[in-house]
1. Across segment 541-579, what is the number of residues that are basic (Lys, Arg), touching a helix residue (DSSP H, G or I) at 6+ places or on another chain (Cβ under 8 Å) and surrounded by fewer than 18 Cβ atoms within 10 Å (Cβ to Cβ)?
2. Scan the helices (runs of 4 or more DSSP H) fully inside segment 288-375 and keep the ones with 2 or more residues being free of Cβ contacts under 8 Å to residues at least 12 places away in the same chain, within 18 Å of Glu449 (Cβ to Cβ) and touching a strand residue (DSSP E or B) at 6+ places or on another chain (Cβ under 8 Å).
3. Enumerate the strands (runs of 3 or more DSSP E) found wholly within segment 57-154, keeping only those where 2 or more residues are touching a His at 6+ places or on another chain (Cβ under 8 Å) and either assigned by TED's automatic domain parsing to the domain that holds Gly165 or surrounded by fewer than 19 Cβ atoms within 10 Å (Cβ to Cβ) (or both).
4. Go through segment 303-323 and count every residue that is under 18 Å from Tyr385 (Cβ atoms), surrounded by fewer than 24 Cβ atoms within 10 Å (Cβ to Cβ) and not hydroxyl-bearing (Ser, Thr, Tyr).
5. Do we find a residue being surrounded by fewer than 19 Cβ atoms within 10 Å (Cβ to Cβ) and among the small types (Gly, Ala, Ser) anywhere in segment 531-540?
6. Condition test on Gly61, is it within 23 Å of Met337 (Cα to Cα) and more than 29 Å from the chain's Cα centre (by Cα)?
7. Looking at (1) surrounded by fewer than 16 Cβ atoms within 10 Å (Cβ to Cβ); (2) touching a Lys or Arg at 6+ places or on another chain (Cβ under 6 Å); (3) in a loop (DSSP other than H, G, I, E, B), which is the one condition that is false for Tyr512?
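The values are calculated or read from the model by the stated rules, or taken from the named source; none is laboratory data. Please read all numbers here as calculations on a predicted model, not as lab measurements. Cβ coordinates were reconstructed from backbone atoms using ideal geometry, including for glycine residues, and neighbour counts include every protein chain displayed.
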Amino acid sequence: MKTRRTFLQGTAALAGAPFLVGFPVYAEDRVPQSVAELWSGFDPRRDPLETEVIREWKENGAVFRHVRYLIGHFKGKPARMAAIYGFPENAGKSLPAVLHIHGGGQRGSLSEVKLLVGRGYAALSVNWGGNGNGKPPFNSVEGALPGDPNTDWGAVDPSQLNVPGYASMLPGPKQLFEDREHPGNNNWYLLTIGCRRGLTFLEQQPGVDPRRLGVHGYSMGGNLTMYVAGTDERVKAAVPAVGGQGWRWEAHDFTEGTARPQMTIQGDIDTFRKTLSFESYAPLIRCPVLHRSGSNDFHGWMDDVYRTNELIPDQPLRYSWSPHLNHRLAPEVAVTMPLWFDQHLKGGTALPETPASKLVFDGDPVLRVVPAKHGWPVARCEIYYSIDSDPRARFWRSAEVRREGDDFVARLPLHSLDRPLFAFANVYHTLPKPESMAELPGMSDPVAELCLSTLLHAATPADLEKEKITATLSPGSLIDDFAHGLRDWFQFNAGHPGLVQTWTRKLTDPLYRGPAGAKLKLTLSMPQTNRLTFVAVENEWRDYRGPRRTFACVREIPGGADPRSVILTPADFAGLTEKDGTLASWDHVDQFGICAHHAGSGIPASEAKWAGGPPVFSRLEWNSNPSP
């Protein structure tokens, strides 16, 4: 292991120079009114990186370095980015390279670098969230040792120690300008500079082919992926995840109320929209884009992801959605990232095209899906639909899919016609060989399938009326008979019986919502006696309907081979805070969980005990009878 070797690339710029910021920003009073104006005059190659190698080591045929490079001088002080860099040992010349951008509260990821290096890439994971200015840093890079230099933004601070800066253009002591409102004061502007300098680092490394650079990021890193791809022509492939959609400044009208903007902009909203909002960056992207996300993501709203990416001109686009998940990726979705880079940076096998799909009307709405012809065979097609206009909270009903030759078709029956309809499908292709994602947390098993999603389809109540759609479903007592396993549910800590949580949004769907006075009846069997915590969450993401509140009920379930029933009333669910009292009704329950362990049980995870295997669910229903 080598430590503290420093390489200087050229002569350092004078500390007082208007370094790495376009001269129009400093020399003119005019506030930029477009992305092009904001970034005019900025050249990420112009000044030396002054790269410092803090530590170097070799592992499994690869070389890794903990490095820092100069982002720039802001207000006369240097700002430096810590990062993890890796590349295959003895790889020779012409390596493709990928920039990884972490999410909020995270850090530069050695795991992400190892995944890419193991596939034949050079990779750099920047630590934009760190801050070495004497305050408690959010995180040092993964694998850093105590005392190692961290990212230090110097006179500015776009890290999460300065949260207001993400939605503000106002002046301030840690902003670029202290005397005027300007989009350069926004954190995203400075972070994008730091990431674009990361591309410069990559293209200057020996053995890296500067014509084959990619970028991917997660959550806030997904946002930055879109900023970088929209401002830097060096990017040849981009993979934003759970982030990077536009119109965050805009209130959204939903069936049950109006959602506040994701960002309350401090400053002129029109200037923010034209210089910093993603719908103004998408038209400037000149590379293929693959978007990965959860269908219910709170940060990357599904409908607006499609709305934003429709503005990307003449580039290959793909979508891969993990059904029911929020801010998480299923393995079949996660694996799309390295395969996308293989296609566009290494000349590997092209991913199948986006599955063709069409929403038609035949008594019921019908979604027809035609997977692309490809050497990777289609394993299955799943079709989902919802009547909830809020993409964060909607329950995705699983349609019954039938195959007609090469097509997949599903009717989307409705129980009322006063709500909009949304539908999409996932097509799963069998990969030629299982792909390892084992370097990443939670990805221990090889991934055998690839998920590609269709476009999102929507129909308004007026559309349904025009097409003479009729309501063919009626609400009933049955919520789930589990004949299809947990397809309408999602799990945390799956495979760990003592920690697993099994959740559904089914109770928020008016088709399955509990009638007044009904009791919830769950039939299950469990090998040995254990306690389960049942959890009801009101107004998840729907603050326009009321405050978010969580209620829990703990029950001991006798073990044995025979099925047993648990009867629950709203009054059985106690709020996690005393002021919340008990659950008043089922009306606003958006999520229902069955948990081997949950904080609502009052038992610390370290003290939770579990005997035997997991429960087996056989029926969830409403019981309106006075007695069980």
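1. Restricting attention to segment 541-579, the residues satisfying the condition of being basic (Lys, Arg) are 542, 545, 548-549, 555, 564, 579.
Remaining after also requiring touching a helix residue (DSSP H, G or I) at 6+ places or on another chain (Cβ under 8 Å): 549.
So of that shortlist, the ones also surrounded by fewer than 18 Cβ atoms within 10 Å (Cβ to Cβ) come out as none.
Number satisfying all stated conditions: 0.
2. Values: elements: 302-309, 331-334, 336-346.
Passing ranges: none, list empty.
3. On the way: elements: 62-74, 77-88, 95-101, 122-126.
Ranges flagged: 77-88, 95-101, 122-126.
4. Within segment 303-323, residues that are under 18 Å from Tyr385 (Cβ atoms), surrounded by fewer than 24 Cβ atoms within 10 Å (Cβ to Cβ) and not hydroxyl-bearing (Ser, Thr, Tyr) number 2.
5. No, every residue in segment 531-540 fails to be surrounded by fewer than 19 Cβ atoms within 10 Å (Cβ to Cβ) and among the small types (Gly, Ala, Ser).
6. On the way: within 23 Å of Met337 (Cα to Cα): yes; more than 29 Å from the chain's Cα centre (by Cα): yes.
When the stated conditions are applied, Gly61 passes them.
7. Answer for Tyr512: the failing condition is (1).
Here's the yes/no breakdown for (1) in contact with a Ser or Thr (Cβ under 8 Å, 6 or more places away or on another chain); (2) outside the structural domain of Tyr218 (by TED's automatic domain parsing); (3) closer than 16 Å to Leu511 by Cβ; (4) of a type in the set (Lys, Arg):
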| site | (1), (2), (3), (4) |
| --- | --- |
| Asp362 | no, yes, no, no |
| Ala372 | yes, yes, no, no |
| Ser398 | no, yes, yes, no |
| Asp418 | no, yes, yes, no |
| Ala425 | yes, yes, no, no |
| Leu431 | no, yes, no, no |
| Ala448 | yes, yes, no, no |
